[in-house]
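The values are calculated or read from the model by the stated rules, or taken from the named source; none is laboratory data. Computed from a predicted model, the values in this text were never measured in an experiment. Heads up, the Cβs are rebuilt from the backbone with ideal geometry, glycines too, and the neighbour counts pull from every protein chain shown. Surface areas here come from the heavy atoms of the whole protein model, side chains and all, with no ligands, DNA or RNA. Shrake-Rupley method; radii C 1.70, N 1.55, O 1.52, S 1.80 Å.
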Amino acid sequence: MENSRYKEERCLLKSRQTSILHFFSHIPGFDGIKHAVLWNNNQLDYVGTVQRMTKLLREYLYGSPLFGYVLLDNEFGCTVRQKMLNLERYGDAHAKAVCSIIISNYLEQQDRLTTPLKEVKGIVQVMKSPSDPYLDATGMMSIDAFKMKSVLFCTRHQFTLFEVVQIYNCTRNGTEIVVVDGGMEECLSSAQKYATENNYIFIDSEHTFQYAMVGLSTTGDEILKDQPDTDIILLPLRNPPLDCLSITAVSVYMKRVRPSVQTILSKSDKVESLFPDVMNIRWRTNIVPNANLPSLFNLLDEDYDIVDDIQDMNTSQWVTRVIREYTLHYSSMPKSIYNLSSLSNLLNRKYVDQVIEITEDEAAISFMRCLEYTHTQTDGRGALVFAALWHRKIITTPHDKIVGVLTGGYMDFISFQSILGYCLGISGHYFTINTENQIQDDTKSVSLLLQLLGSHSVSVQDVTFDRTGGSSPYHVRVIVQCTSKGFEQQETIASVLREEGYKVQMQARGSSVLPRNVRTSCEQTGNKEISQKYRPYLPRKMTDITPDSIREAAERIGGNTLRTPIYPDKYYSEICGCQLYLKLENIQQTGSFKIRGSSNMVLRVLEGSEPPKGLIAASAGNHAQGVALVAYKLGLPCAIVCPSYAPDGKLNYTRKYGAEVYKIGNSLEECAEYADKLCKERGWLYVKPFNDVDVIEGQGTMGKEILEDIPNVDTVLVNVGGGGMIAGIATYLKTINPKIRIIGVQSEVVAPLMDYKKTELFRVIPVGTTTIADGVNVRIPGGVHSNILRDLVDEYVSVTENEIASTIVNLLSSSRTLSEGAGCLGLAALLHKKVQVKPNERVCVIVCGGNIDMSTLGQIYEYGMRSLGRFFTINITVKDAPGQLSKMIALAAQSELKVQEVKHMRGVGNIQWNEANVIMSLYSHSFAQQNHFLKSLVQMKTHPVVVGREFVKDHDKLYKPFDDLLANVQGK
């Protein structure tokens, strides 16, 4: 039976491979290309062409990791890897397409160009009609990644809105625009002459889509290099034909190299989506961090003859028009490529094996789960891919090896806030209680209800009292909006309220969508790869840690940890005034660097003695997960002792690795005492979070990776709690190069080391102190490494709670990666000028953790958006007359603001009988929009007050236009 099935599969594969080989010999559209593709006996060598391009792209792109996580493997019941294209340069696979267009044109013109690619000084493009959809991105990439000059030639003609947006993007990127008075032939001739005279690359739009396809295919090449035995690849289908070219490129390449691979497309079931189509072009509009596309209307002058009358368009209308024209321009690709990439053709030829539909709620849940498990942000396309796995849309076996391609990561602040709020609602984090006129209209009754909710750890967001339309004048309907830890807690609350005699209606916000058959914990299985060699295990000293011992540790822990990427960040480099690199340790296994130290300690013990009976750790969450994962891989029982403030999200994941969790006391010191007691009772091994030589040595492996990726690094910023991470990194880096500056960053609320270098004394931190950066909430750091903290760390700085909150939001939006509070302290210190740096200084910031509750993220996000100018609240007194509120809303609409909440109150504050107090909360894209709205209100003869503006850094400068006008009006 087995032999028969094997023969049948081999025949199928051979038939499919023969078909694909025949197809690849006749890929249409490549015949006119000489040097940009490889030929073998007059046959297109597409695989060789793609593999060559993969090598060439490494010079200009970041590279996207293929990472897997133990919890996801366990929950999906097979091996799952995520290809994180959302971490690629500009957060999208299309960066590969654009780079490939530039490189391919260079290869094709090698007979004319006399210098190596790295020495070419510029590119020349021509805007034809219809315009090349990659035109503006090609100009941007040539400037940013290739360090070339970009020149765009165009004729005077009626510009479509999409072409105007392209020109706008080009000018913002630094592209030189040359307008030719004449026809297209004269324009082409002038552009080609200019390219020849200056030895520039001329971008020939005739083969743009072929070159783009080669670049997009490199994703398939990278996947098969990292995981050659891939069985299933999941790709998103969000907006044909935009996505179909990418799908064609990846699936056709993979079928050619590995015919047995299944290609499955994940498709939205709705045209109107929670994730709007604008996000598919977000990477193109966000390439300039401060770009505000609506302002292009102000830049249009008489030289641009626009086809459409756009002066009266609002943002939604013009975005819809741009997307439509953008899609039409994609449809203008050569007919041969268009037919090749059509979905019907891909299905007929079996390059795509299956298309599955995902509902909006399923995509929303998966968007949030992707954030939780991978700590990276994706857009609607990536959410579709993750949903196919999370909601069990595909049939798998335990032996299957699956790769999900997370494409696209850019999302504006307001869209993210809206989507996250919706996700929290349908996943059980938000709910509403409605008492239906059962509460007596007195304060004591309401107080008892709220006390009951508080005693069950329910957080109240809003309370509304409705005295209209009730059945009794002595009762009031109370509507309470709450946050919870999930549907299970909501059911408990409902049961408790009914037992207390309340007749309530409870409603989750949105419809609930739960994944099917998700496992709640890992089954412990021993790791056969653990080294069995024996050598006596002896206590060690800090002097035993050397660069060589840290290199040995890196080899030792390689099976348990990921080598996390280090990316240069242009956006933060410009803001911070240095050459800034981000070390993304937040996408490490367990979402934190802690797995390095715990793995090294336990594996060293195993090398020198009998395996321990079990593992115990005291931790607020990240170290707990690291120890729990090591125990899971070794098949050992595990117990974790955590303080009362430890986040539930971190503890839930710790339990999923099979660990017991005990909440003891209000500080890590109390937890450590209880953990030590458990160790003695059970005879288990105590894995310390930082005060241990082996743990510190494991954390030092980050220093090794930093120096390998940035050999000439000048400064490294390290977040500090107990000090184990900074001690290990400093030991490695300072031993090799004492000139490297090491800066420790703490939360201002918990900063015991601020005076340590001078006094060798810790600042006293009160017991029970809490901080948004819970991972560094250590009152008494140091231990075996105290001398390192004093001698090898150059400086300690601290950051405030609001500075941390704003950095979490900023990092997620700009770099598509999620950090917890303790993970982004170093970046916060740079953004808020706590550290002095020089323009050419190479600075590495470690984003060391990403484990944050989604409900906490939702709460933090509002504070962060406020400090970044994306959210604000005003208090204003107006005449209590019909039409006043509508005028204010109309002004908000004119300023392109989104209203979150409006409260219209009478008889409060210092107001007259014929006045009302209005509190309005709004979302904005910039402080410029806020000032425009505030100035409009002043012109309406009102005096608005921005609530909480003192918490916004440089608020006097940011609100100066409004302040000046208000002062002028009040002066009169």
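For S336, the requirement of being at pLDDT 75 or above, surrounded by 14 or more Cβ atoms within 10 Å (Cβ to Cβ) and part of a helix (DSSP H, G or I) is met.
In the set G721, G768, G728, G775, only one residue is of a type outside the set (F, W, Y), closer than 24 Å to R596 by Cα and touching a Phe, Trp or Tyr at 6+ places or on another chain (Cβ under 9 Å); that residue is G721.
If the condition is being buried (at least 24 other Cβ atoms within 10 Å of the Cβ) and either in a loop (DSSP other than H, G, I, E, B) or among the small types (G, A, S) (or both), then the stretch 370-398 contributes H375, Q377, T378, D379, G380, G382, A383, A387, A388.
So which residues in the stretch 920-936 are farther than 17 Å from Q900 by Cβ and touching a residue at least 60 places away in the same chain (Cβ under 8 Å), if there are any at all? The one that is farther than 17 Å from Q900 by Cβ and touching a residue at least 60 places away in the same chain (Cβ under 8 Å): A928. Would the stretch 805-826 turn up any residue that is open to solvent by 40 Å² or more (accessible area, probe 1.4 Å) and of a type in the set (D, E)? No; the residues of the stretch 805-826 include none that is open to solvent by 40 Å² or more (accessible area, probe 1.4 Å) and of a type in the set (D, E). Among the residues of the stretch 145-164, those identified as open to solvent by 10 Å² or more (accessible area, probe 1.4 Å) and touching a residue at least 60 places away in the same chain (Cβ under 8 Å) are A145, F146, R156, H157, Q158, T160.
Taking the stretch 570-592 on its own, how many of its residues are within 26 Å of Y373 (Cβ to Cβ) and either open to solvent by 20 Å² or more (accessible area, probe 1.4 Å) or among the β-branched types (V, I, T) (or both)?
Residues of the stretch 570-592 that are within 26 Å of Y373 (Cβ to Cβ), as a first pass: 571-572, 581-592.
Keeping just the survivors that are either open to solvent by 20 Å² or more (accessible area, probe 1.4 Å) or among the β-branched types (V, I, T) (or both) gives 571, 581, 587, 590.
Residues flagged as within 26 Å of Y373 (Cβ to Cβ) and either open to solvent by 20 Å² or more (accessible area, probe 1.4 Å) or among the β-branched types (V, I, T) (or both) within the stretch 570-592 amount to 4.
Say whether the condition of being under 25 Å from the mean Cα position of the chain (by Cα), surrounded by 15 or more Cβ atoms within 10 Å (Cβ to Cβ) and either under 22 Å from T464 (Cβ atoms) or of a type in the set (S, T, N, Q) (or both) is met by at least one residue in the stretch 880-892. No: the stretch 880-892 contains no residue that is under 25 Å from the mean Cα position of the chain (by Cα), surrounded by 15 or more Cβ atoms within 10 Å (Cβ to Cβ) and either under 22 Å from T464 (Cβ atoms) or of a type in the set (S, T, N, Q) (or both).
So that you can scan it fast, the table gives a plain yes or no per residue for (1) at pLDDT below 95; (2) not in a loop (DSSP other than H, G, I, E, B):
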| position | (1), (2) |
| --- | --- |
| V797 | no, yes |
| E803 | yes, yes |
| N810 | yes, yes |
| K834 | no, no |
| P839 | yes, no |
| Q859 | yes, yes |
| T873 | yes, yes |
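Can you tell me which residue among D692, D648 is open to solvent by less than 40 Å² (accessible area, probe 1.4 Å) and among the charged types (D, E, K, R)?
Within the list D692, D648, the selection yields D692.
Being part of a helix (DSSP H, G or I), touching a strand residue (DSSP E or B) at 6+ places or on another chain (Cβ under 9 Å), open to solvent by 20 Å² or more (accessible area, probe 1.4 Å) and outside the structural domain of D379 (by the TED database) is true of Y106.
Counting only strands (runs of 3 or more DSSP E) that sit completely within the stretch 550-655, those holding 2 or more residues that are under 19 Å from M725 (Cα atoms) correspond to 579-584, 615-618.
Could you check, for the stretch 189-201, whether at least one of its residues is of a type in the set (A, V, I, L, M) and within 20 Å of M53 (Cβ to Cβ)? Steps first, answer last, please.
As a first pass, look at the stretch 189-201 and keep what is of a type in the set (A, V, I, L, M): 191, 195, 201.
Keeping just the survivors that are within 20 Å of M53 (Cβ to Cβ) gives 201.
Yes, because at least one residue in the stretch 189-201 is of a type in the set (A, V, I, L, M) and within 20 Å of M53 (Cβ to Cβ).
Of the set (1) outside any strand (DSSP E or B); (2) crowded, with 21+ Cβ neighbours inside 10 Å, all apply to I123 but (1).
Cβ-Cβ contacts under 6 Å between residues 6 or more apart (or on different chains), taken from a first residue in the stretch 874-898 that is without any contact (Cβ under 8 Å) to a residue 40 or more places away in the chain to a second residue that is part of a helix (DSSP H, G or I), are listed as L897/F933. Please tell me if E901 is in a strand (DSSP E or B), open to solvent by 60 Å² or more (accessible area, probe 1.4 Å) and either within 23 Å of H375 (Cβ to Cβ) or outside the structural domain of E803 (by the TED database) (or both). It is true that E901 is in a strand (DSSP E or B), open to solvent by 60 Å² or more (accessible area, probe 1.4 Å) and either within 23 Å of H375 (Cβ to Cβ) or outside the structural domain of E803 (by the TED database) (or both).
Condition check: more than 21 Å from C370 (Cα to Cα) and either part of a loop (DSSP other than H, G, I, E, B) or aliphatic (A, V, I, L, M) (or both). Does L61 satisfy that? Yes: the conditions hold for L61.
Considering the stretch 441-498, the residues that are among the β-branched types (V, I, T) and assigned to a strand (DSSP E or B) include one that is nearest to G428 (Cα to Cα), namely T483.
Look at the stretch 354-369 and say how many of its residues are among the aromatic types (F, W, Y) and either more than 20 Å from the chain's Cα centre (by Cα) or open to solvent by 20 Å² or more (accessible area, probe 1.4 Å) (or both).
From the stretch 354-369, those among the aromatic types (F, W, Y) are 367; that's our starting set.
After this cut, where a residue has to be either more than 20 Å from the chain's Cα centre (by Cα) or open to solvent by 20 Å² or more (accessible area, probe 1.4 Å) (or both) as well, the list is none.
Summing the residues that are among the aromatic types (F, W, Y) and either more than 20 Å from the chain's Cα centre (by Cα) or open to solvent by 20 Å² or more (accessible area, probe 1.4 Å) (or both) in the stretch 354-369 gives 0.
The single condition among (1) modelled with pLDDT of 90 or more; (2) under 25 Å from T49 (Cβ atoms) that I232 does not meet is (2).
One residue stands out among those in the stretch 547-564 that are out of contact with any helix residue (DSSP H, G or I) (no Cβ under 7 Å at 6 or more places or on another chain) and surrounded by 10 or more Cβ atoms within 10 Å (Cβ to Cβ): the one that is modelled with the highest pLDDT, which is E552.
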